[in-house]
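Values quoted throughout were computed directly from the atomic coordinates according to the rules given, and no laboratory measurement underlies them. The structure displayed is predicted, hence computed values, not measured ones. Heads up, the Cβs are rebuilt from the backbone with ideal geometry, glycines too, and the neighbour counts pull from every protein chain shown.
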Amino acid sequence: MSLSGKSVLLIIGGGIAAYKSLELIREIKKRGGAVHAILTKAGSEFVTPLSVASLAGEKVFTDLFSLTDEAEMGHIELSRSADLVVVAPATADLLAKMAHGLANDLASTALLATDKRVLVAPAMNVRMWTHAATTRNLATLKKDGVLFVGPDEGEMACGEFGPGRMAEPLAIADAIETALGSKPSGKGPLSGKHVVITSGPTHEPIDPVRYIANRSSGKQGHALAAAAAAAGAKVTLISGPVSLPDPHGVKTVHVETAADMLGAVEHAMPADLAIFCAAVADWRVKTEAKDKIKKQKGAPPPSLALDPNPDILATIATRKKGRPALVVGFAAETTDVLTYAKGKLASKGCDVIVANDVGAGTEVMGGDANIVHLVTVRGVETWPKLPKTEVATRLIAEFARLLPKKS
């Protein structure tokens, strides 16, 4: 199992999403992991120590000033015996304590004492999530190396809608596997297959300090790579410049420009399945300046002559020899999404287009959720809004089904 031999210290904060922590414990145990839990006083208003202990199969810790536990410096032992500390739900209060090093209960003391990586799944009202204080705390925690999964966007218990919903237990369990570097089993619907995936943006240099780029974060492409590896595939991920860690169990090739990316894709061939998720720049500067372009007082701004970049999707999809059995393209549009996606399917020579709306207000580029449309010659299938990790898992399952069976 993917978490076999791994131990997770789960800190359950006080929020309505605490009920999801019970399903998270089930999922971690299902994947072979062990769970020790700290239940905060506020968390116990939503789930009971008995329910947590019953699912974890271990004693639940609640009190910092426990003679039986603290006689052996229990908060130190708890925080360091686990392979990963997970906070779910991570309330605004817990995030603030973590950011400022406060330690006035067992949960915050264990977090301050740990020498292990920490993964948090935030959950709070949308106004609390977007408050300036929370934004500052998040920036501090990310700088300190704390890992995040979610939050998702949706309707909340308070009746408001927006970002702040705790990520689903499956997505958190996937993030735990990634954080722990759990090695995929090698068995699954893509066992024995080679999958090539592109991810992130490309940077097309203007001069030594400037470049043309886009807002792609690489989250969907990297999630696809992790999901393909979990499905048993040998995966080559070709990534433009992103701030994400390389997925475990995946060969990652880092590139900068569209030309670099095409070269890396061609070098990675042959492949059974090629997924072109990267947001490749359509144009590059015809002549890159060797020195920084200086602003001259009174002079007009420089004009940039552009050349088209190579079309990576069409190049691979129309190969006469060595074409992957299934070629998938992505279409990120701001208007007439399905019209452009159907046109791209016809013009590029690929088998599937995964289309999404990245217009203003969608928060898809850089966000943690996505709404996708699967476009094939047979028609269009639209999925509901899902975390990108869940989108990736479902897409990989669908692509495995669509792969031609060898006779």
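Quick look at the numbers
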{"read-out": "Greater than 28 Å apart at Cα, pairs in Lys30/Lys193; Lys286/Lys348; Lys142/Lys219; Lys142/Lys385; Lys41/Lys219", "value": "Lys41/Lys219"}
{"read-out": "Listed residues Gly57, Val285, His254: farthest to the positive end of the dipole of the chain (Cβ charges)", "value": "Val285"}
{"read-out": "Length-normalised contact order for the stretch 308-407 - Cα pairs under 8 Å, 6+ apart - percent", "value": "22 percent"}
{"read-out": "Range of Cα positions in the stretch 1-46 per principal axis (Å), largest first", "value": "33, 15, 8"}
{"read-out": "Average Cα contact separation per residue, the stretch 194-402, under 8 Å, 6 or more apart, as relative contact order %", "value": "21 percent"}
{"read-out": "Dipole moment magnitude, nearest 20 debye, the chain about Cα centre, only Lys, Arg, Asp, Glu C-beta charged", "value": "1400 debye"}
{"read-out": "Cα-based shape type of the stretch 290-342, given that a ≥ b ≥ c are square roots of the gyration tensor eigenvalues and the cut on a/c is 1.5", "value": "oblate"}
{"read-out": "Which of Asn309, Thr202, Gly232, positive extreme of dipole for the chain (C-beta unit charges)", "value": "Asn309"}
{"read-out": "Debye-sum result for the chain in log10 I(q)/I(0), which assumes one identical scatterer on each alpha carbon, at q = 0.06 Å⁻¹", "value": "-0.28"}
{"read-out": "Size of charge dipole - the stretch 174-326 - debye, nearest 20, with Cβ of Lys, Arg +1 and Asp, Glu -1, no other charges", "value": "120 debye"}
{"read-out": "Average projected area [Cα convex hull, the stretch 7-180], square nanometres", "value": "9.0 nm²"}
{"read-out": "CD proxy at 222 nm, helix term only [per DSSP H run n ≥ 4: -39500 (n - 2.57); per residue of the chain; nearest 500]", "value": "-9500 deg cm²/dmol"}
{"read-out": "Gyration tensor verdict on the stretch 96-144 (Cα atoms; rounded if a/c is under 1.5, prolate if a/b is larger than b/c, oblate otherwise)", "value": "prolate"}
{"read-out": "Highest-MSF residue in the chain out of Lys41, Lys290, Lys116 [GNM, Cα springs under 10 Å]", "value": "Lys290"}
{"read-out": "Shape call, the stretch 321-405: gyration tensor on alpha carbons, a/c limit 1.5", "value": "oblate"}
{"read-out": "Compactness index (Cα Rg / 2.2 N^0.38 Å), the stretch 194-402", "value": "1.05"}
{"read-out": "Listed peptides 322-328, 133-139 by packing density, highest first (mean Cβ within 10 Å)", "value": "322-328, 133-139"}
